[in-house]
Amino acid sequence: MKVAIIGAGNMGGAIARGLAQGHYVKASDIIVTNPSTPKLEKLKAEFPEIHTSSNNRDAADADVVIVAVKPWKVEEVLKPLRLRQPQILVSVAAGLTFEDLAHFVDPEMPIFRVIPNTAIAERASMTLIACRNATEEQTEAMLGVFNEMGLAMLIEEKQFAAATSLASCGIAYVMKYVQAAMQAGVEAGLRPAEAKKMVAQTLDGAARLLLCDEHTHPAIEIEKVTTPGGITIKGVNSLEHDGFTSAVIKAFKASM
């Protein structure tokens, strides 16, 4: 499968790096295009087998074309390529619907809307996928590609706003928690690097508890560590008194 990625910015570059480290697509079957060369040169230095070009037309013959440019540039980029079935279009441009994208390519071709988060560069993304005109085989292939870079989930297009807030915007909110926890650790006498490692590993452990056991729930895991009269329940109650849950819900609703 030949894969073209148009755009080598934060998300396009992250997808290219994640793909190149996987087994579903060979690095030599990936081409990345970008109008300026510094980002391409950096990518090529990391993964010499990846092909790069400053001309988007070099992406036109790929089996799968991933467009990773700003939403207002998508039409300008796609229309000259005249993409058509059996090619597959993958858009990571937030806010552009299937109806929007169908005006820029063969409207009958398979189109996927994909929203990864920046952890895709470390093959740890929560990637959201919706599809139109795709066969079951094509959908499974796309899930396979992005599951190699973390966890991919198939959803309906109408769920994109809520899911993007949780999985894409949400990574920034998690970082805000990490930053705050680090500041608390530094105030208590830890070095910043020590505090960062402790908090990051704690988050990783919490995530694994939830992902590895489908029958567990945050409330169950909290109950396990909040012994009567203990220090953890005091901290949990302090968070609630200060409106932690409400603040988190309001943040996610604000980004929908």
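The values are calculated or read from the model by the stated rules, or taken from the named source; none is laboratory data. If you're wondering where the values come from, they're calculated on a predicted model, not measured in any experiment. Backbone-built Cβ (ideal geometry, glycine too); neighbour counts: all protein chains shown. Ligands, DNA and RNA are stripped out before the accessible areas are found, and what is left, the full protein with its side chains, is counted by its heavy atoms. Shrake-Rupley method; radii C 1.70, N 1.55, O 1.52, S 1.80 Å.
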- Selected residue (criterion: surrounded by the fewest Cβ atoms within 10 Å (Cβ to Cβ)) from residues of segment 100-111 that are touching a Leu at 6+ places or on another chain (Cβ under 7 Å) and hydrophobic (A, V, I, L, M, F, W, C): MET109
- Taking MET142 as the residue in question, decide whether it is assigned to a helix (DSSP H, G or I), among the aliphatic types (A, V, I, L, M), modelled with pLDDT under 95 and under 26 Å from ALA8 (Cβ atoms). yes
- Item | Subset tally (residues that are of a type in the set (D, E, K, R) and touching a strand residue (DSSP E or B) at 6+ places or on another chain (Cβ under 8 Å)) for segment 1-40 | 2
- Just to be sure, is MET149 in contact with a strand residue (DSSP E or B) (Cβ under 9 Å, 6 or more places away or on another chain) and over 25 Å from VAL248 (Cβ atoms)? yes
- Task: Would you mention how many residues in segment 204-216 are surrounded by 11 or more Cβ atoms within 10 Å (Cβ to Cβ), farther than 16 Å from TYR177 by Cβ and not β-branched (Val, Ile, Thr)?
- Result: 2
- Item | Qualifying residues in segment 116-144 (those that are among the β-branched types (Val, Ile, Thr) and open to solvent by less than 10 Å² (accessible area, probe 1.4 Å)) - the one nearest to ALA251 (Cα to Cα) | THR127
- Here are ALA188, ALA254, ALA195, ALA180: which of them is more than 30 Å from ALA163 (Cβ to Cβ) and loosely packed, with under 12 Cβ neighbours inside 10 Å? ALA188
- Item | Test for GLY170: is it surrounded by 13 or more Cβ atoms within 10 Å (Cβ to Cβ), at pLDDT below 95 and either over 21 Å from LEU19 (Cβ atoms) or aromatic (Phe, Trp, Tyr) (or both) | yes
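Here's the yes/no breakdown for (1) on the phi > 0 side of the Ramachandran plot; (2) not aliphatic (A, V, I, L, M):
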| residue | (1), (2) |
| --- | --- |
| ASP61 | no, yes |
| TRP72 | no, yes |
| GLU75 | no, yes |
| LEU78 | no, no |
| GLN85 | no, yes |
| GLY95 | yes, yes |
- Query: Any residue in segment 218-233 that is out of contact with any Cys (no Cβ under 6 Å at 6 or more places or on another chain), assigned to a helix (DSSP H, G or I), of a type in the set (S, T, N, Q) and open to solvent by 70 Å² or more (accessible area, probe 1.4 Å)?
  - Reply: no
